[in-house]
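Q: Have a look at the structure that comes next, please.
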Amino acid sequence: MNTIQAVIFDMDGLMIDTERIAQRAWQLAGAEGGYEFDDATYVQAVGRTRNDTKLVFQEAFGVDFPFDELYERKQQIMHDLIDTEGIPTKSGLFELYDLIDELGIAKAVATSTARPTALKKLTIVNALDRFSIIVCGNEIANGKPAPDIFLEAAARLKIPPVNCIVLEDSEAGIRAAHAAGMTPIIIPDMKQPSAEIVELSAYVFPSLWDVQPILRKLIVNP
């Protein structure tokens with residue numbers, strides 16, 4: 001294990017409980033267009049950028065699937081749901097922020113969500129001011145599972161990738177972190193990890209609370 005100097009957070013499904021909101025929004029938008037988004041179809045797009053999600057859904061529904069039209073409708077529905085219902089945060093999130101600050105290591109966000117939506121979500125849950133580095137899906141060439149977004153976060157932090165831990169909930173995110181040469185930790189959200197993803201992960205934890213002891217151990221006793 002290399003000396004840990006930074007923790008890079010995914011956002012949706014890891015810090016905030018938004019994947020279920022997004023799924024509801026896709027289901028409602030899809031129903032308007034005559035498409036049914038079951039769990040198996042939706043989870044394939046978890047952790048992906050807009051362009052990659054388009055490919056996933058076109059594979060599921062056919063090349064004539066009106067992605068751009070339904071995406072905009074989904075965004076409208078999702079923002080309405082967020083405005084009326086808010087966004088739940090994952091248990092242990094702010095306590096983990098506090099521990100990282102106490103240990104004196106850096107932290108960043110690397111999310112497949114586009115910047116305007118990402119900043120809105122982080123603002124709603126009062127987490128925006130906890131990060132100086134936020135890298136978003138519309139700012140990199142290749143989305144997860146490519147390593148681009150994590151490598152960009154490390155570059156902005158000015159910390160070598162081997163000295164970064166990544167906290168993720170999605171399989172695409174774990175593949176990306178592994179490809180970036182970082183230490184991946186998965187805290188599953190909507191889908192339990194496959195055997196392959198477990199193998200790629202340094203640790204598999206049920207909640208953010210469980211990250212604290214291992215993080216303290218890695219920093220204090222590297």
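Q: Looking only at residues in segment 6-33 that are in a loop (DSSP other than H, G, I, E, B) and among the charged types (D, E, K, R), which one is surrounded by the fewest Cβ atoms within 10 Å (Cβ to Cβ)?
A: It comes out as ASP17.
Q: Just to check your reading of the model, which residue among ARG48, ARG24, ARG73 is outside the structural domain of PRO188 (by TED's automatic domain parsing), touching a Gly at 6+ places or on another chain (Cβ under 7 Å) and among the basic types (Lys, Arg)?
A: ARG48
Q: Confirm whether PHE150 is surrounded by fewer than 17 Cβ atoms within 10 Å (Cβ to Cβ) and closer than 21 Å to LEU208 by Cα.
A: Criteria not met by PHE150.
Q: Residue under question is LYS54, and the condition is that it be buried (at least 16 other Cβ atoms within 10 Å of the Cβ) and within 29 Å of TRP209 (Cβ to Cβ); does it hold?
A: No: the conditions fail for LYS54.
Q: Continuing with the same structure: Looking at ILE21 and the list (1) within 24 Å of SER194 (Cβ to Cβ); (2) within 18 Å of the chain's Cα centre (by Cα); (3) not polar (S, T, N, Q), which single condition is not satisfied?
A: If we test ILE21 against (1) within 24 Å of SER194 (Cβ to Cβ); (2) within 18 Å of the chain's Cα centre (by Cα); (3) not polar (S, T, N, Q), just (1) comes out false.
Q: Mind checking whether some residue in segment 103-113 is touching a Pro at 6+ places or on another chain (Cβ under 9 Å), buried (at least 19 other Cβ atoms within 10 Å of the Cβ) and either modelled with pLDDT of 95 or more or not hydrophobic (A, V, I, L, M, F, W, C) (or both)?
A: no
Q: Another question, then. Among the residues of segment 34-85, write down those that are touching a helix residue (DSSP H, G or I) at 6+ places or on another chain (Cβ under 7 Å) and part of a loop (DSSP other than H, G, I, E, B).
A: Within segment 34-85, TYR35, GLU36, PHE37, GLN44, ALA45, VAL46, GLY47, ARG48, THR49, PHE65, PRO66 meet the criteria.
Q: Conditions: (1) of a type outside the set (A, V, I, L, M); (2) without any contact (Cβ under 8 Å) to a residue 12 or more places away in the chain; (3) touching an Asp or Glu at 6+ places or on another chain (Cβ under 6 Å); (4) in a helix (DSSP H, G or I). GLY173 meets all but one. Number of the miss?
A: (2)
Q: Follow-up. Look at segment 131-188 and say how many of its residues are farther than 24 Å from GLU199 by Cβ and among the small types (Gly, Ala, Ser).
A: The number of residues fulfilling the criteria is 4.
Q: Against the definition (surrounded by 16 or more Cβ atoms within 10 Å (Cβ to Cβ), touching a strand residue (DSSP E or B) at 6+ places or on another chain (Cβ under 6 Å), closer than 23 Å to GLY92 by Cα and of a type in the set (Asp, Glu)), how does GLU168 come out, yes or no?
A: Yes, satisfied.
Q: Could you please find all residues in segment 185-222 being assigned to a loop (DSSP other than H, G, I, E, B), more than 26 Å from ALA45 (Cα to Cα) and either among the aromatic types (Phe, Trp, Tyr) or in contact (Cβ under 8 Å) with a residue 60 or more places away in the chain (or both)?
A: PRO222
Q: Failed condition for GLU139, given (1) buried (at least 19 other Cβ atoms within 10 Å of the Cβ); (2) more than 23 Å from TYR203 (Cβ to Cβ); (3) acidic (Asp, Glu), with all others met?
A: Evaluating GLU139 over (1) buried (at least 19 other Cβ atoms within 10 Å of the Cβ); (2) more than 23 Å from TYR203 (Cβ to Cβ); (3) acidic (Asp, Glu) leaves (1) as the failure.
The values are calculated or read from the model by the stated rules, or taken from the named source; none is laboratory data. These numbers come from a predicted model, not from an experiment. Because the Cβ atoms are built from the backbone with ideal geometry, glycine has one as well, and the counts that use them run over all protein chains shown.
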